[in-house]
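Visitor: One structure coming up, written as structure tokens, with questions to follow.
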Amino acid sequence: MALNQPITTSDNFFAGEDKTITFDVTQADGTTPQVMTGWALTWELKASVTGAIAISKTTAAGTVALSSKFGTNDRATVTIADGDTESAGAGAYYHHLRRTDAGSEQILAYGDVTLRASGL
């Protein structure tokens, strides 16, 4: 089930800082934790839904990690380095977390993003 998970100004996502974003993934009922053991995932920050990719993180690169909130490998954590957001710059973006295994591709989470200026 794709979860609408916007990252807003209240999430304090600033350009030029290290950040982790956590996604708790559920099955289609919206309640049952989704077992993601062995899944390949990609998280992307884009200029718009159809725009250029500004940041890409993957399980293969070790920048998307699977862990368990309920003991089922149902949580994905994306690690973003300060240099990633410095080069992207403050502004309005779109993001999505998707499963990329052949034959099982699907969007797991998505939403608008506000990347705030750091003031530094």
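The values are calculated or read from the model by the stated rules, or taken from the named source; none is laboratory data. Values in this document were obtained by computation on a predicted structure and should not be read as measured data. When we count neighbours, we look across all protein chains shown, and the Cβ atoms used for this are built from the backbone with ideal geometry, even at glycine. Ligands, DNA and RNA are excluded from the accessible area calculation, which covers all protein heavy atoms including side chains. Shrake-Rupley method; radii C 1.70, N 1.55, O 1.52, S 1.80 Å.
Visitor: In Å², what does the accessible area per residue of the range 15-120 work out to with a 1.4 Å probe? It would help to have the intermediate numbers written out before the result.
Guide: Details: 5220 Å² over 106 residues.
Accessible area per residue, the range 15-120: 49 Å².
Visitor: Report, to the nearest whole %, how much of the accessible area of the chain belongs to carbon and sulfur atoms, 1.4 Å probe, protein only.
Guide: On the way: 3050 of 6080 Å².
The computed percentage sits at 50.
Visitor: Restricting to Cα pairs below 8 Å that are 6+ residues apart, what does the relative contact order work out to for the chain? Please round to a whole percent.
Guide: Answer for the chain is 37 percent.
Visitor: Same structure, new question: Return the calculated 222 nm mean residue ellipticity for the chain, to the nearest 500 deg cm²/dmol, obtained by summing -39500 (n - 2.57) across DSSP H runs with n ≥ 4 and dividing by the residue count.
Guide: -1500 deg cm²/dmol
Visitor: What shape does the range 1-42 take by its C-alpha gyration tensor, where a ≥ b ≥ c are the square roots of the eigenvalues and a/c under 1.5 counts as rounded, a/b above b/c as prolate, and the rest as oblate?
Guide: Note, shape of the range 1-42 comes out oblate.
Visitor: Right, next: Would you grab the residues whose amide H sits under 5 Å from the one on GLY111? Only those 5+ places off in sequence or on another chain, please, with H modelled 1.01 Å from N.
Guide: When sequence neighbours closer than 5 places are left aside, the close amide H contacts are GLN5, HIS95.
Visitor: OK, next. Please give the Cα centre distance for the range 58-115 versus the range 1-28, rounded to the nearest Å.
Guide: 8
Visitor: Out of these labelled values of P(r) over Cα pairs in 5 Å bins from 0, in percent, (1) 2, 10, 17, 15, 12, 10, 8, 6, 5, 4, 3, 3, 2, 1, 1, 0, 0, 0; (2) 2, 12, 21, 25, 19, 12, 6, 2, 0; (3) 2, 10, 15, 17, 16, 14, 12, 8, 4, 2, 1, 0, which was calculated from the coordinates shown here?
Guide: (2)
Visitor: Distance in nm between label sites at THR20 and MET1, each 7 Å beyond Cα in the beta-carbon direction?
Guide: 2.5
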